[in-house]
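Enquirer: This is the structure, below, for whatever I ask next.
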Amino acid sequence: MIRRSSASFAVATAMAMALSAMALTGCVRMPSAGPVVESGVDAYTIGSNETSYQPPSPADNATRSEIVHGFLQAMRALPLSTDVSRQYLTDEASDRWEPQYTVTTFASVSLSFTGDTAVLVLNGAHGYDGHGAWLGRLGRSESTFELPMVQEHGEWRIAQAPQRLLVSESWFAENVERVQLYFLDSTSSLMVPEPAHYPAGETQLGYLVRGLLKGPGRELTGVVRSALPSGLRLAQEDVRPDEQGRLHLALRGPAGAFDGIVGDHAAAQLAWTLRQADEVDSFSISFNGRHLSFADGSSRRSVNAATLVVPYGSASVPGTFEFVDGRLRRGLPNRSTVATTGPFGSGLTPVRSVGVRLDGRSVVAVDSTGTQVYTGPVESVRLPRGGLRTVLSGRTDLLEPTTDAAGRTWLVDLTDSGAEVLMLSGRRVQTVAVAGVTGRDDVTSIQVSPDGTRLAFLAGEPSGAHTTISVARVVFDADRNARTTAAQPVGKHLQAEQPVLDMVWTTGARLGVLLDTGEEVLAVHLVAAEGAPDAFSRIQRVRARPGSSGLAMTSIPGAKSYVYSGTVVRDLDDVERPLGSLHEGADWFGYPG
């Protein structure tokens, strides 16, 4: 079982996803004759309370249509197994069929025949690779399969099967969990979560470890890396801890992959990945039959031990800030915020938006004209002008700044030629071309993930209506020059008539989104940064108030999540009771970043 956060906010997310999937289940009788057979998703779904399912073997004298549908049904076996699925194939096709847990999900299927070839069309199909990573929505050509049928031993069988598992989207939602594999950013200074989807249950721990050992996919080159040596594999089939939560990982691989010690970076990757599993408290490692030590000399490491690198920056603090009337204040609203003593706390430096760096000690601010960017300390220091510096000038119309744990500042300048994305690192300013964003005239927000590997953008009308959310991955070369992948739309289910009021990162791989649903009600959603379907939930509905509305969320462990509307702030774990009040006219309330 994957560990759920102790906060009820996270538990509510998991429950909402499960309830959403349960609503799709049911019992449907499938037609098995006729030129075209349409089957809904329910035809390939079992009850949501089932933990095991043994599909039936092919019936004697089964029709071609029954064989194809039986093949699809057999792939919903629990625990996951292809033993029965292979019985629907010819002996030769079974020997060739190696899906390797590459998965295609579907909303419904259409089946027709051309001669003795079955034409299977998967409607609403999505793909997942062997790493468990979402590949996106599949086009018609990628979701249409021709299955030649032949008679073997007097029975119809499939002579060639697609090299993937084909399962309904509701089965996938009920029996597969979204987890994180933790890798390193390109500088090895930050941990980066990469989403993967693996079957739930006792076998999931093995999938987690194998996924981590495989390393990041080729498409993530320049984005993340792994400190674990390449070529490693598990020497054990059963990956389970003992009753005390102690897990031993027996690894095999090329000689010399380890020199007897597991480095801090590799240990951190394992610890962050394994701490998602409730049943694991600590782990030890052997390699080619020899027990390994960790860098501190110990032979066992707690999954919750402090690590050299973390996903949110080692100096991060879970404090909140308020920006009101051009002044920066800090603290929680239920204890009243206090003015900061740095150059942005007095109001003497005219600024229209601020971003507090993840260390909680310095600020990036856009001046009142939107043409300059300042930096300075949160609290007073004995420096000229209180430590205030101008780091960028001569721009056109800068949006609110956002910062990552490496200290970089990201901005969008709305120029006469459209949006221009800028990265500030020290005294260096780089223009970063982002396909799908650069040149647009309707970009309203940019947010960088804490680890600096993802950029999220809002684009649409100033009111928030007709808004699109898109995410691009950031790639750095050896000289620290940044480029990005094309921005891909995410959260398409949200992009209707409901205005998007705010968007913040909750982790490196998930966004919190605040919607105005109308009727003075706000809704908080979680959206998968990679765009995978069903990796979101409506968490809470909150009464709207006049004035600004937004979210205060962070990936920092133990930090609370808040929603504010007007002057009223509510804890997302207890939205019925107001937590406290912001100052009248507050423009922003949130965490560093």
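The values are calculated or read from the model by the stated rules, or taken from the named source; none is laboratory data. Quick caveat: nothing in here was measured; it's all calculated off a predicted structure. Virtual Cβ from ideal backbone geometry, glycine too; neighbours counted across all protein chains shown. These accessible areas exclude ligands, DNA and RNA; they are computed on the full protein's heavy atoms, side chains included. Shrake-Rupley method; radii C 1.70, N 1.55, O 1.52, S 1.80 Å.
Enquirer: Out of L411, I446, V84, whose Cα points farthest toward the positive end of the dipole of the chain (charges: +1 Lys, Arg; -1 Asp, Glu; placed on Cβ)?
Expert: Farthest towards the positive end: L411.
Enquirer: While we're on this one: Quick one: with all protein chains in place, what share of the accessible area of the chain is carbon or sulfur, to the nearest percent (1.4 Å probe)?
Expert: 48
Enquirer: Right, next: Which residue, chosen from A509, H583, H248, occupies the Cα position most advanced towards the positive end of the dipole of the chain, where the dipole is computed from +1 (Lys, Arg) and -1 (Asp, Glu) charges on Cβ about the Cα centre?
Expert: H583
Enquirer: Separate question: Quick one: helix 8-22 against the long Cα principal axis of the chain, what's the angle to the nearest 10°, folded into 0 to 90?
Expert: In the chain, helix 8-22 runs at an angle near 30 degrees to the longest axis.
Enquirer: Shifting gears a bit: Need one value: the accessible area of S52 in square angstrom, 1.4 angstrom probe, rounded to the nearest 10.
Expert: Estimated to the nearest 10 Å², S52 gives 70 Å².
Enquirer: Evaluate Rg over Rh across the range 91-131, taking Cα atoms for both radii and Kirkwood's formula for Rh.
Expert: 1.06
Enquirer: Of all alpha-carbon pairs in the range 224-278, indicate the percentage at a distance above 14 angstrom.
Expert: Looking at the range 224-278, the distances longer than 14 Å represent 63 percent of pairs.
Enquirer: Work out how much length R577 to V521 would gain on full extension: take 0.36 nm times their residue separation and subtract the Cα-Cα distance, in nm to one decimal.
Expert: The R577-V521 span can extend by a further 18.6 nm.
Enquirer: I'd like the FRET efficiency for T114 and D83, computed as 1/(1 + (r/R0)^6) with the beta carbon distance as r and R0 of 30 Å, rounded to 0.05.
Expert: Efficiency at R0 = 30 Å is approximately 0.50.
Enquirer: Show the residues, 5+ positions off or on another chain, whose built amide H is closer than 5 Å to the amide H of S548.
Expert: Under 5 Å from the amide H of S548 lie the amide H atoms of G566, each far enough along the sequence or on another chain.
Enquirer: With each label point set 7 Å from Cα along the Cα-Cβ vector, what nm distance links E379 and Q488?
Expert: 4.4
Enquirer: Restricting to Cα atoms and excluding each atom paired with itself, what does the Kirkwood estimate give for the range 46-170 in Å?
Expert: So the Kirkwood estimate lands at 14.9 Å.
Enquirer: With just the Cα atoms of the range 450-593, tell me how far they stretch along each of the three principal axes, in Å, largest first.
Expert: Per principal axis, max minus min of the Cα coordinates gives 49, 32, 29 Å.
Enquirer: Sticking with this one: So what's the angle, to the nearest 10 degrees on a 0 to 90 scale, between helix 64-74 and the longest Cα principal axis of the chain?
Expert: 50
Enquirer: For T402, enumerate residues with amide H under 5 Å from its amide H, sequence gap 5+ or separate chain, H modeled in the peptide plane.
Expert: W410
Enquirer: Moving to a separate point now. Please give the calculated 222 nm ellipticity per residue for the chain, where each DSSP H segment of at least 4 residues contributes -39500 (n - 2.57) and the sum is spread over every residue; nearest 500 deg cm²/dmol?
Expert: Estimated from H runs of four or more residues: -3000 deg cm²/dmol.
Enquirer: Measure off 7 Å from each Cα along the Cα-to-Cβ vector at S57 and D95, then give the distance between these two points in nanometres to one decimal.
Expert: 2.1
Enquirer: Would you give the gap between the C-alpha center of the range 86-139 and the C-alpha center of the range 164-184, rounded to a whole Å?
Expert: So the two Cα centres are separated by 16 Å.
Enquirer: Spin-label point model (7 Å from Cα, Cβ direction): what's the Q163 to E142 distance in nm?
Expert: For Q163 paired with E142, the spin-label model returns 1.6 nm.
Enquirer: Put one equal scatterer on each alpha carbon of the range 180-295, apply the Debye formula with no solvent term, and list log10 I(q)/I(0) at q = 0.14 1/Å to two decimals.
Expert: Here the Debye-derived log intensity ratios amount to -0.55.
Enquirer: Something else: If R0 is 45 Å, what FRET efficiency do you get for Q236 and D397 from their C-beta distance, rounded to 0.05?
Expert: Given R0 = 45 Å and the Cβ-Cβ separation, E is 0.15.
Enquirer: Would you be so kind as to identify which of V109, L358, Q488 lies farthest towards the positive end of the dipole of the chain, taking Lys and Arg as +1 and Asp and Glu as -1 on Cβ and the Cα centre as origin?
Expert: L358
Enquirer: Against the globular-protein guess of 2.2 N^0.38 Å, express the Cα radius of gyration of the chain as a ratio, rounded to two decimals.
Expert: Against the empirical 2.2 N^0.38 Å value, I get 1.05 for the chain.
Enquirer: Let me ask something else about it. Could you do me a favour and compute the accessible area per residue for the chain, 1.4 Å probe, result in Å²?
Expert: Ligands and nucleic acids excluded, the figure is 43 Å² per residue.
Enquirer: Hey, what do the phi angles of the range 353-365 turn into as Karplus ³J(HN,Hα) couplings, whole Hz, using 6.51/-1.76/1.60 and θ = phi - 60°, x for Gly and Pro?
Expert: For the range 353-365, the Karplus-derived couplings read 7, 9, x, 8, 5, 5, 6, x, 10, 9, 10, 10, 9 Hz, x marking Gly and Pro.
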